[in-house]
Structure formats: C-alpha cells, structure tokens
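Asker: First, the structure itself, so that you have it in front of you.
The values are calculated or read from the model by the stated rules, or taken from the named source; none is laboratory data. A quick note: this is a predicted structure, and the numbers were derived from the prediction, not measured. Note that we place each Cβ from the backbone using ideal geometry, even for glycine, and neighbour counts take in every protein chain shown. Accessible surface areas use protein heavy atoms only, side chains included; no ligands, DNA or RNA. Shrake-Rupley method; radii C 1.70, N 1.55, O 1.52, S 1.80 Å.
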Amino acid sequence: MPTLPAVARRTIELAGLAVPFVEVTGSADGPTLTVIAGVHGCEYASMDGVRRWLRTLEGRELRGRVRAVPVLNVTAFAARTPFVVPEDGKNLNRSFPGRPDGTLAERLAYDAFTQLITGSDAYVDAHCGDMVEALQPFALYEAGPAEDQARELAAAYGLPYVIRQAAGPGRAVTGTSSASAAAAGIPAITAEAGGCGLVEEHAVARHVAGLDGVLARLDMAPAGQPAGQPAEPPSRPTYLGRFIWPRCTKAGWWAPAVSAGDPITEGQVIGTVSSLDGGRVQETVTAPADGVVIFVTTSPAVADDGLLLGLGAP
C-alpha cells in the first residue's frame with residue numbers, strides 16, 4: 001500500500017489576519033512548492049481550483065512538501081472587493097515584497113513573502129480575471145536567474161499562452177508576488193484561468209490540471225500516478241515576449257471592439273471611450289502592436305488613465 005501524505009489544515013497569522021493554510025507533507029524527500037490564491041479577493045475560480053487540488057492530494061503519494069493558501073486577501077474576499085485591500089485601497093499584487101511597518105496590504109505582502117514564499121523551491125500565484133475582467137487563460141513567468149525553470153513550470157500548467165515578463169522599463173506592472181520571488185532566485189509563475197467573478201467548472205478544472213502539471217514537472221508525484229483532475233496532455237503553448245496594457249486618457253464609457261483571445265494587428269481599433277451622455281466619442285483606442293487579447297475590462301466604467309485590456313505581443 002502506498003504511504004499517503006500528512007495533511008495539516010489550520011489558520012496562520014499574516015499581518016494580524018487569520019489566513020487559511022494547508023500543508024501537505026509527502027512520505028519521501030523532495031522540493032517545497034508554495035501555492036497562493038486569492039491575492040485578489042474576487043478571483044474565485046483560481047481559489048476554488050487550489051481548494052479542490054489540495055483535496056486530491058490527500059489520497060495520493062507525494063514527494064516533498066506543498067504549502068498552500070487558498071485565500072490570502074481575506075478581508076477583500078469577505079467584503080467582495082475586487083483588486084484592492086479594502087482597508088487601505090492598495091492592490092496587494094503591487095505591494096510585494098512588502099514592508100513590515102506599512103499599511104495592511106504592504107504588511108500582508110511582507111508576511112506572505114517572508115513566511116511562505118521565501119525558502120520555496122518553486123512558487124505558483126494562482127489568479128483569474130477579477131469582477132470586471134474577461135480573460136484568455138495564460139501563465140506568466142519572470143525574467144531573472146531562475147527563468148529557465150520558471151518557463152518550464154509555466155508550460156507545465158498547460159494553458160494556451162505563456163508570457164515572459166521582462167524586468168525594467170516597459171513592464172506592465174511591478175510589485176507582484178511572482179516578480180519578488182523571481183528576484184530572490186525562486187522559479188515562480190502567475191497562472192490565470194477564469195474571470196468576471198465567476199466560478200466556472202472549465203476554469204476551476206484548468207487550475208487543478210495546471211497544478212498537477214507543476215507537481216509532475218517538479219517530480220513530486222510518482223510517474224504513472226493518476227492525476228487529481230483528468231485532462232488531455234496539454235498542447236504546446238504560444239510563447240509571447242511582451243505584455244502591453246493599453247489605457248484610456250480620460251474617464252468615460254468604455255466599449256471594447258475585441259474579445260479575450262482575439263488576434264489583433266497594430267493600428268486596429270480595439271474600442272472607444274465616449275462621454276457618459278453618449279453624445280461624443282472622446283477617444284478611439286488602437287492596438288499598439290500585433291498580438292492577442294489576453295484580457296479585457298468588461299465594465300464600461302473607466303477612470304482617467306483607466307486600464308482597458310491586456311495585449312500579449314511577440
């Protein structure tokens with residue numbers, strides 16, 4: 001009979017908050033994989049994917065150790081607040097590696113980074129489109145000392161697109177958990193499937209299968225062992241080298257002319273921003289490069305310098 005892993009479920013204190021934590025310890029030595037979901041409070045498909053995947057590990061052989069937080073941003077989850085920590089209005093995934101003396105988002109990022117991410121052999125930050133984001137599934141890895149291993153993990157997640165996020169000027173965002181992990185030499189990816197605040201079976205299943213792919217790539221599950229979520233072998237992903245986030249100039253009513261997954265060409269009209277009374281088009285937005293639409297802001301309400309969509313480019 002195989003020796004099943006030891007499973008411990010408890011809460012841990014991060015920035016003074018009680019955060020759900022699951023640790024699964026295998027019967028043989030191996031890597032330590034840390035998985036975090038719920039960095040944004042309304043990205044439910046990724047949270048549920050991690051929850052379901054952890055349940056599958058209870059009855060499977062395992063090498064090494066899995067440490068997982070299914071819902072990190074617990075106050076945003078409770079308040080149904082997309083994107084930000086409600087107490088300070090800051091985006092947690094722009095706050096890593098955090099500050100021990102900062103606001104709640106900065107302290108939560110600091111504690112998660114120092115207590116969970118630091119010391120890991122690999123890290124997965126599981127996401128999906130938030131309340132107002134439709135999304136084409138993708139995995140992102142960071143340029144840096146561990147990028148070759150991270151690229152392999154991103155491909156192992158089995159999503160249609162893999163994006164390399166370069167350091168320096170021109171990157172879409174800073175302060176993410178995966179970027180901070182990569183800077184510390186940890187192979188790290190951000191994996192996204194699902195969107196619009198929905199718990200859809202196909203998106204949840206993608207995360208379960210993707211995490212199984214990472215587990216297999218790290219040789220943490222014995223060869224031939226049934227996966228927690230049956231899935232066809234992933235096809236080769238399309239690799240993209242840039243992540244471009246077009247924004248509007250002034251607040252107004254956003255009407256996209258493209259959908260997530262659409263291929264687009266440089267100069268193509270991707271949407272308009274008009275006045276709230278409908279009387280005039282304030283801005284016609286065109287694609288800055290050839291590529292594929294990775295996510296789209298589905299809400300018509302956009303602010304000054306509002307994010308409209310994400311474009312993956314070669």
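Asker: Go through the residues of the stretch 14-27 one by one and say whether even a single one is open to solvent by less than 10 Å² (accessible area, probe 1.4 Å) and either farther than 25 Å from Gly213 by Cα or at pLDDT below 95 (or both).
Answerer: Looking for residues that are open to solvent by less than 10 Å² (accessible area, probe 1.4 Å) and either farther than 25 Å from Gly213 by Cα or at pLDDT below 95 (or both), one finds at least one in the stretch 14-27, hence yes.
Asker: Looking for whichever is β-branched (Val, Ile, Thr), over 30 Å from Gln136 (Cβ atoms), surrounded by fewer than 21 Cβ atoms within 10 Å (Cβ to Cβ) and without any contact (Cβ under 8 Å) to a residue 24 or more places away in the chain here; the options are Thr32, Thr11. Which one fits?
Answerer: Numbers: Thr32 fails: without any contact (Cβ under 8 Å) to a residue 24 or more places away in the chain.
When all the criteria are applied, what remains is Thr11.
Asker: Just to be sure before I move on: is Ala155 of a type in the set (Gly, Ala, Ser), open to solvent by 10 Å² or more (accessible area, probe 1.4 Å) and farther than 17 Å from Arg242 by Cβ in the structure I sent? Explain how you work it out, then say what you get.
Answerer: Working: of a type in the set (Gly, Ala, Ser): yes; open to solvent by 10 Å² or more (accessible area, probe 1.4 Å): yes; farther than 17 Å from Arg242 by Cβ: yes.
Yes; evaluated as a whole, the condition is true for this residue.
Asker: Mind checking which residues of the stretch 263-299 are under 26 Å from Asn91 (Cβ atoms), free of Cβ contacts under 8 Å to residues at least 60 places away in the same chain and either surrounded by 17 or more Cβ atoms within 10 Å (Cβ to Cβ) or basic (Lys, Arg) (or both)?
Answerer: Scanning the stretch 263-299 gives Ile270, Gly271, Val273, Val285, Ala287, Gly291.
Asker: Scan the stretch 1-9 and give yes if some residue there is part of a helix (DSSP H, G or I) and in contact with a helix residue (DSSP H, G or I) (Cβ under 8 Å, 6 or more places away or on another chain), otherwise no. Show your work before the answer.
Answerer: Restricting attention to the stretch 1-9, the residues satisfying the condition of being part of a helix (DSSP H, G or I) are none.
Looking for residues that are part of a helix (DSSP H, G or I) and in contact with a helix residue (DSSP H, G or I) (Cβ under 8 Å, 6 or more places away or on another chain), one finds none in the stretch 1-9, hence no.
Asker: Looking at this structure, is Ala78 out of contact with any strand residue (DSSP E or B) (no Cβ under 6 Å at 6 or more places or on another chain) and within 24 Å of Ala203 (Cβ to Cβ)?
Answerer: Numbers: out of contact with any strand residue (DSSP E or B) (no Cβ under 6 Å at 6 or more places or on another chain): yes; within 24 Å of Ala203 (Cβ to Cβ): yes.
Spelling it out, Ala78 is indeed out of contact with any strand residue (DSSP E or B) (no Cβ under 6 Å at 6 or more places or on another chain) and within 24 Å of Ala203 (Cβ to Cβ).
Asker: Looking at this structure, is Thr32 polar (S, T, N, Q), assigned to a strand (DSSP E or B) and either at pLDDT 95 or above or under 18 Å from Ala188 (Cβ atoms) (or both)?
Answerer: Details: polar (S, T, N, Q): yes; assigned to a strand (DSSP E or B): yes; either at pLDDT 95 or above or under 18 Å from Ala188 (Cβ atoms) (or both): yes.
Yes: the conditions hold for Thr32.
Asker: When you look at Ser120, is it surrounded by fewer than 23 Cβ atoms within 10 Å (Cβ to Cβ) and either modelled with pLDDT of 95 or more or not in a helix (DSSP H, G or I) (or both), yes or no? Spell out how you get there, then give the answer.
Answerer: Numbers: surrounded by fewer than 23 Cβ atoms within 10 Å (Cβ to Cβ): yes; either modelled with pLDDT of 95 or more or not in a helix (DSSP H, G or I) (or both): yes.
When the stated conditions are applied, Ser120 passes them.
Asker: Does Gly129 meet the test of being touching a residue at least 12 places away in the same chain (Cβ under 8 Å) and surrounded by 18 or more Cβ atoms within 10 Å (Cβ to Cβ)? If you could, list the steps in order and put the result at the bottom.
Answerer: Values: touching a residue at least 12 places away in the same chain (Cβ under 8 Å): yes; surrounded by 18 or more Cβ atoms within 10 Å (Cβ to Cβ): yes.
Yes; evaluated as a whole, the condition is true for this residue.
Asker: Here's something else I'd like to know. Which one of the conditions (1) of a type in the set (Gly, Ala, Ser); (2) touching an Asp or Glu at 6+ places or on another chain (Cβ under 9 Å); (3) open to solvent by less than 30 Å² (accessible area, probe 1.4 Å); (4) in contact (Cβ under 8 Å) with a residue 24 or more places away in the chain does Ala105 fail to meet, given that it meets all the rest?
Answerer: Failed condition: (4).
Asker: Quick check on my filter: what residues within the stretch 300-314 are open to solvent by less than 10 Å² (accessible area, probe 1.4 Å) and outside any loop (DSSP other than H, G, I, E, B)?
Answerer: Of everything in the stretch 300-314, those that are open to solvent by less than 10 Å² (accessible area, probe 1.4 Å) and outside any loop (DSSP other than H, G, I, E, B) turn out to be Leu309, Gly310, Leu311, Gly312, Ala313.
Asker: Given the residues Ala167, Ala134, Ala172, which is the only one that is in contact with a strand residue (DSSP E or B) (Cβ under 8 Å, 6 or more places away or on another chain), closer than 28 Å to Ala301 by Cα, open to solvent by 20 Å² or more (accessible area, probe 1.4 Å) and assigned to a loop (DSSP other than H, G, I, E, B)?
Answerer: Of the residues listed, the single one that is in contact with a strand residue (DSSP E or B) (Cβ under 8 Å, 6 or more places away or on another chain), closer than 28 Å to Ala301 by Cα, open to solvent by 20 Å² or more (accessible area, probe 1.4 Å) and assigned to a loop (DSSP other than H, G, I, E, B) is Ala172.
Asker: Identify, please: which residue in the stretch 54-85 is β-branched (Val, Ile, Thr) and in contact (Cβ under 8 Å) with a residue 60 or more places away in the chain and is, among those, surrounded by the fewest Cβ atoms within 10 Å (Cβ to Cβ)?
Answerer: Initially, the stretch 54-85 is screened for residues β-branched (Val, Ile, Thr), giving 56, 66, 69, 71, 74-75, 81, 84-85.
Those still in the list that are in contact (Cβ under 8 Å) with a residue 60 or more places away in the chain too: 56, 66.
On the way: Thr56: 15, Val66: 24.
Top of the filtered list is Thr56.
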